[in-house]
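The values are calculated or read from the model by the stated rules, or taken from the named source; none is laboratory data. All values reported here derive from a predicted model rather than from experimental measurement. Counting neighbours? That spans all protein chains shown, and the Cβs are built from the backbone with ideal geometry, glycine included. Side chains included, ligands, DNA and RNA excluded: accessible areas come from the protein's heavy atoms. Shrake-Rupley method; radii C 1.70, N 1.55, O 1.52, S 1.80 Å.
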Amino acid sequence: MITLYHINTVNAYKIIYLLEELQLTYHISNEQTLPETVNIPCYQTQAILIEHQHTIVGFLAITDYLLNQYDRKGLRPPITSTAYLTYQQWNSYIETVLQPLLLQYEAGKKLANARVPFFARSIIKKTVSSTLQHPIETEFEQHLNYIEQHLSQYRWVCDNYFSLIDIQLSEVLDAVPQWIQEEKHPNIIHFLNSMKERPAYSTTKDKLSFSTHINNEETIEQA
């Protein structure tokens with residue numbers, strides 16, 4: 001049995017989505033501590049998958065393991081294909097460029113809404129809002145234009161191959177709906193709508209919502 005720990009960490013959504021696409025049986029653990037047999041430093045910041053004697057930590061390691069062990073649907077293009085080069089390039093682009101930019105944006109939003117002394121509130125909010133609304137938004141706009149142009153040529157990121165890259169990209173795009181405009185980004189909107197039509201999309205959202213609700217209830221009880 002596959003057990004997934006720490007689904008409230010970054011990248012857990014994509015791991016669950018992949019598990020659903022692979023149609024695997026798995027269990028999401030709401031425990032905040034790992035089994036005593038597992039000793040991993042700084043594990044609370046990473047999703048962890050345990051199966052049999054294997055313990056895999058982090059998004060890249062987990063998805064490689066799942067694809068190597070269970071992919072019979074072609075969710076990673078053949079290694080000798082041109083589509084695989086696209087897969088590799090977009091994997092790097094999303095994880096090293098788009099994802100950090102998104103995390104920076106999310107961190108800024110949290111700071112803007114954080115409790116601060118009254119005398120400093122207006123200054124901090126003005127500074128954070130300026131940073132979010134201009135440099136980050138401008139940079140995201142450039143990326144959206146690039147993604148839009150790419151999707152105007154292909155059904156999915158890797159041409160006709162629906163792959164893990166589409167799951168990765170959809171998570172980023174889902175997080176910035178305010179910057180996606182129908183007149184500027186029709187292909188991005190079509191891409192996102194196609195993602196939402198996949199059964200794994202709604203199932204993943206439901207499981208994440210349920211597990212988050214359980215975790216919140218446990219936190220309240222402990223408090």
Margin query: Run the numbers for ALA175 and THR3: contour at 0.36 nm per residue of separation, minus the present Cα-Cα distance, in nm.
Written below: 59.3 nm
Checklist line | Sequence-distant residues sharing a close amide H with ILE28 (under 5 Å, placed H) | finding: LEU4
Margin query: Let me check I've understood the local charge: for PHE59, count other residues with C-beta under 13 angstrom from its C-beta, Lys and Arg +1, Asp and Glu -1. What total comes out?
Written below: -2
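How much length, in nm to one decimal, is gained on full extension between ALA61 and LYS196, taken as 0.36 nm per residue of separation minus their Cα-Cα distance?
Taking 0.36 nm per residue and subtracting the Cα distance, the gain is 46.0 nm.
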Next item on the list: Enter the accessible area of LYS196 (Å², nearest 10), with the probe set to 1.4 Å and all protein chains included.
Entry: 100
Margin query: Tell me the carbon and sulfur percent of the accessible area for segment 1-107, rounded to whole percent, probe radius 1.4 Å.
Written below: 50
Margin query: Per 0.36 nm of contour for each residue apart, how much would the distance between HIS27 and GLN149 grow if the chain were fully extended, relative to their Cα-Cα spacing?
Written below: 40.0 nm
Notebook entry, point to check: Using a simple spin-label model with points 7 Å from Cα along the Cα→Cβ vector, what separation in nm is obtained for HIS52 and LYS184?
Noted result: 5.0
Check: Taking a point 7 angstrom from the Cα of SER209 along the C-beta vector, which residues in segment 1-34 have backbone N less than 19 Å away?
Finding: 7-9, 12-18, 20-21, 28
